[in-house]
Amino acid sequence: MARMLIRGGNPLHGTITVSGSKNSALAIMAAAGLAEEECILENVPRQYDVWTMAMILRSIGAEVWFDAAGRLHINGKGIRPVSPPYDLVRRIRASFYVAGLLLALRGYAEVPLPGGCSIGSRPVNFHIKGFEQLGAKVTIEHGCMKARAPKLTGTHYFINRASVGTTINMLLAACRAEGTTILENAAKEPEVVDVAIFLNSMGARIRGAGTDVIRIDGATRLSGVEHTIIPDRLEAATFAIAVGTVGGRVTLHNVMPEHLRSPIMKLREAGLTIEENDASLTVSGEGRMQAVDIETAVYPGFPTDLQQPFVSMLSLADGTSVVRETVFDGRFRYVDELLRMGADIKVERDTAIVRGVERLTGAPVEVTDLRAGAALMIAGLAAEGETELSQAHIIDRGYEQFDDKLRTLGADVRRVDVDEEDVPDFTVLGEASVAL
Ligand code: EPZ
């Protein structure tokens, strides 16, 4: 299994370009399958999850390949109503977007349920209820969801909780339904808006994305288009948090600061200096940050995906911070690893009390999920001595060349024991493809 060796203590200096948004790319890849012609996507990150999504789409008959300029081509003409293999589906939650795609396109979707996950329970009951409201007959058999709907009909669906995945799956299915669908309590995340902009450019008629009521008027035909994926707000903020933790001055290009209002506010409150430009941020920090309290929430609240890296920063801050996780029920599992590095954190149900310590010390730690990987990497950058991250390949699921970018900024990070099985073979996806 891949390990990452980090020798802590180097402040970060320099400039990096943030990659395209993983969560937007995964959804838009599925949406692209709805078009009658090929779609071309720019700013798609080269990450393991993107590779997995490409393989899932190929398994149901789509053509998916990178051109020499690094643009991703997707042609859904050949998509058949077959089940993607469980071995691929179980790796990423976004695989369930294939259900909305297949229902809209072929009137039948058979998709293995993605199962549990190391950040907590992640059911798909809201997605299924939405499909049923659009007129699908849904059964769960042998671990698979089977949904059949010769015709989808517009509906009024109040989503029990503002779920990102449910909102996106409903956009995919409802944009080809007959009549109008109203989604209430819809998710407002920038990735949802990116999907709606993409679908509208294909000919869909979606209004209100970015608010909690979305209206979708069904369209009979969607055309192939070109689209540029939005920048990854989570990657940008992760690097800003790293600067807050170890100090330095870093300029981040390809950023939409308006997607980062809440994290920018909290980082400033903690003492980080952040200069905002049109499409870039310059962050600088020196000495210890101040303790701040955070509570994760749906957008535009503080993102759950930044809770873990933020706690690494707070574990070295001056004072005690209270961190409440309201989105996922198991997203503090990584805290045990931070404790091994000398952090002082007490978790009670959905709340972590983080008492800032003056130093962390390097230790062998294990990456439990993607964002925990970023959190432990950041802790390692600040710790005295060497930190050894096992299961480090998990970081490649959602950060493009994370360790390369950190090295560019002056971090002492090395990758060892890379296992071929953990490296997605991008060469199978086309001529411009390079292995991670
Ligand atoms: C998306 O997951 C992201 N994943 C997650 O990022 C992100 O943490 C999450 O949204 C919240 O922002 C992708 O976009 C691929 P939800 P998603 O549906 O869509 C419950 C990362 O690290 N729920 O908004 O699965 C659910 O259990 C990942 O990049 C149900 O109960 O999140 C959770 O508590 C991790 N039933 C809450 O709603 C359902 O049918 C919000 O989940 C659906 C969700």
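What the table below lists for this structure:
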| read-out | value |
| --- | --- |
| Residues of segment 319-343 that turn out to be surrounded by fewer than 20 Cβ atoms within 10 Å (Cβ to Cβ) and closer than 14 Å to Ala383 by Cβ, as a count | 3 |
| Output for segment 344-365, where each listed residue is touching a helix residue (DSSP H, G or I) at 6+ places or on another chain (Cβ under 6 Å) and either open to solvent by less than 40 Å² (accessible area, probe 1.4 Å) or closer than 20 Å to Arg3 by Cα (or both) | Ile345, Val354, Leu360, Ala363, Val365 |
| Breaking point among (1) in contact (Cβ under 8 Å) with a residue 60 or more places away in the chain; (2) open to solvent by less than 10 Å² (accessible area, probe 1.4 Å); (3) within 16 Å of the ligand (Cβ to nearest atom), for Val164 | (2) |
| Matching residues in segment 167-196 - criterion: being more than 14 Å from Asp212 (Cβ to Cβ), surrounded by fewer than 24 Cβ atoms within 10 Å (Cβ to Cβ) and polar (S, T, N, Q) | Thr180 |
| Residue in segment 274-316 that is surrounded by the fewest Cβ atoms within 10 Å (Cβ to Cβ), counting only those that are part of a helix (DSSP H, G or I), of a type outside the set (A, V, I, L, M) and in contact with a helix residue (DSSP H, G or I) (Cβ under 7 Å, 6 or more places away or on another chain) | Asp305 |
| Cβ-Cβ under 6 Å pairs, at least 6 apart or on other chains, segment 172-184 side among the hydroxyl-bearing types (Ser, Thr, Tyr), far side modelled with pLDDT of 95 or more and assigned to a helix (DSSP H, G or I) | Thr181/Ala174 |
| Restricting segment 107-152 to residues that are of a type in the set (Ser, Thr, Tyr) and either under 23 Å from the mean Cα position of the chain (by Cα) or within 12 Å of the ligand (Cβ to nearest atom) (or both), the residue that is least open to solvent (accessible area, probe 1.4 Å) | Ser118 |
| Subset of segment 249-273 that is small (Gly, Ala, Ser) and surrounded by fewer than 21 Cβ atoms within 10 Å (Cβ to Cβ) - its residue that is nearest to Val292 (Cα to Cα) | Gly271 |
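Residue by residue, here is whether (1) modelled with pLDDT of 95 or more; (2) closer than 23 Å to Met29 by Cα; (3) within 12 Å of the ligand (Cβ to nearest atom) holds:
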site: Phe158; (1), (2), (3): yes, no, no
site: Asp194; (1), (2), (3): yes, yes, yes
site: Ser223; (1), (2), (3): yes, yes, no
site: Ala236; (1), (2), (3): yes, yes, no
site: Pro257; (1), (2), (3): yes, no, no
site: Met265; (1), (2), (3): yes, no, no
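The values are calculated or read from the model by the stated rules, or taken from the named source; none is laboratory data. Small disclaimer: the values here were computed from a predicted structure and weren't measured. Backbone-built Cβ (ideal geometry, glycine too); neighbour counts: all protein chains shown. Note: areas computed on protein heavy atoms with side chains; ligands, DNA, RNA excluded. Shrake-Rupley method; radii C 1.70, N 1.55, O 1.52, S 1.80 Å.
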